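The values are calculated or read from the model by the stated rules, or taken from the named source; none is laboratory data. Keep in mind the model is a prediction, meaning the values are calculated, not measured. No Cβ is skipped: glycine too gets one built from the backbone with ideal geometry, and neighbour counts run over all protein chains shown.
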Amino acid sequence: MSAPDGSEIAFKGDVLDLDTKVMVTATDNRVLLDSMELNAASTPFNLCCAEAYAKFTDMKRLKVHPGKMTKERDAVESCSADVYKGIQSSCLTQFEAVKQCLSDNPKEWAACATLRRELDLCSVKSGLGEVKKAL
């Protein structure tokens, strides 16, 4: 999409100027993960938060300004936090096994496929994230 002067517009919709404050909601349902935790939990996040991730990704694809995606971003963060907390309480053995495997095989993640699958199955069977709605 081009602006009247011929330059490209980065985002669709209303343009937010630099003086506009971006809304960030306060929520206690957030977790801070290190890279190993994020890598180990990535598939359960995608499986158990598919709807929230799809909405957020679609808005990014459509180049909606990040300041207009607060609700969708919060949904992704909240669902991911729920899944992570559920993994900690219901699938900790599988999660720790995936983390250890990834640590032992940093360039051969395929070596961890079976352990990842076990974590995925535990996450879904435990009804984590959005999966609990379907049960």
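Can Phe56 be described as touching a Lys or Arg at 6+ places or on another chain (Cβ under 7 Å) and crowded, with 18+ Cβ neighbours inside 10 Å? Answer is yes for this residue. Scanning for something within 13 Å of the chain's Cα centre (by Cα), assigned to a helix (DSSP H, G or I), surrounded by 14 or more Cβ atoms within 10 Å (Cβ to Cβ) and not aromatic (Phe, Trp, Tyr), does region 82-103 turn up at least one residue? Looking for residues that are within 13 Å of the chain's Cα centre (by Cα), assigned to a helix (DSSP H, G or I), surrounded by 14 or more Cβ atoms within 10 Å (Cβ to Cβ) and not aromatic (Phe, Trp, Tyr), one finds at least one in region 82-103, hence yes.
Matching residues to (1) of a type in the set (A, V, I, L, M, F, W, C); (2) at pLDDT below 95:
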position	(1), (2)
Lys85	no, no
Ser90	no, no
Phe95	yes, no
Val98	yes, no
Glu108	no, yes
Thr114	no, no
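Test Glu77 against the stated conditions and say whether it is touching a Lys or Arg at 6+ places or on another chain (Cβ under 6 Å), in a helix (DSSP H, G or I) and under 24 Å from Ala134 (Cβ atoms). Considered against the rule, which asks whether it is touching a Lys or Arg at 6+ places or on another chain (Cβ under 6 Å), in a helix (DSSP H, G or I) and under 24 Å from Ala134 (Cβ atoms), Glu77 comes out as yes.
Each residue in region 116-135 was checked for being surrounded by fewer than 15 Cβ atoms within 10 Å (Cβ to Cβ) and at pLDDT 95 or above, and 3 pass.
When restricted to residues that are in contact (Cβ under 8 Å) with a residue 40 or more places away in the chain, over 18 Å from the mean Cα position of the chain (by Cα) and part of a helix (DSSP H, G or I), region 123-135 contains 0.
Selection of region 49-73 for residues being under 18 Å from Val31 (Cα atoms), under 10 Å from the mean Cα position of the chain (by Cα) and part of a helix (DSSP H, G or I) yields Ala52, Tyr53, Arg73.
So, in region 104-122, how many residues would count as being outside any helix (DSSP H, G or I) and in contact with a helix residue (DSSP H, G or I) (Cβ under 6 Å, 6 or more places away or on another chain)? Qualifying residue count, region 104-122: 1.
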